[in-house]
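**Student:** Before anything else, here's the structure in question.
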Amino acid sequence: MAPLEPEDPAGRAGEGRRDGEGQEERTRLAWRRTTLAFALALVLAGRGVVMADSGALVGALAVAGAALVWAGFLVLTQRRMVSLARSGDRRVGPGTVLLAAGSVLALAVLAGVWLVTAPR
């Protein structure tokens, strides 16, 4: 059976060769998947608040805060995808990484607040 990728003279399959456009597409799709996963977490949190019997005010505020964080993350994602499309720069700046990580941490903190204050 033949290898899927051609080997270079050193015998390593696919190393040293980059598919520039394919990499950009994979990066764009990864950002899109992350945004969709973030939205799913937000929807599930909202469902938990709706299903709660009482004390939903704190949960509703936590979900509203998470929705704002998600909207910020969505803007960040769109800016990154536009940057990839315009310049083809594959490097992610430290600000983008910090904002993305901060968004995920903020979602976790808001979920924790809701879990701690939710009625049992």
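We did not get these values from a lab; they are worked out from the coordinates using the rules stated. Because the structure is predicted, anything quoted here is derived from the model rather than measured. Backbone-built Cβ (ideal geometry, glycine too); neighbour counts: all protein chains shown.
**Student:** Between Arg79 and Leu29, with labels modelled 7 Å along Cα→Cβ, what's the label distance in nm to one decimal, could you check?
**Tutor:** Label-label distance for Arg79 and Leu29, simple model: 2.6 nm.
**Student:** What does the highest-first list of 34-40, 91-97 look like by mean Cβ count within 10 Å?
**Tutor:** The densest-packed peptide leads the list: 34-40, 91-97.
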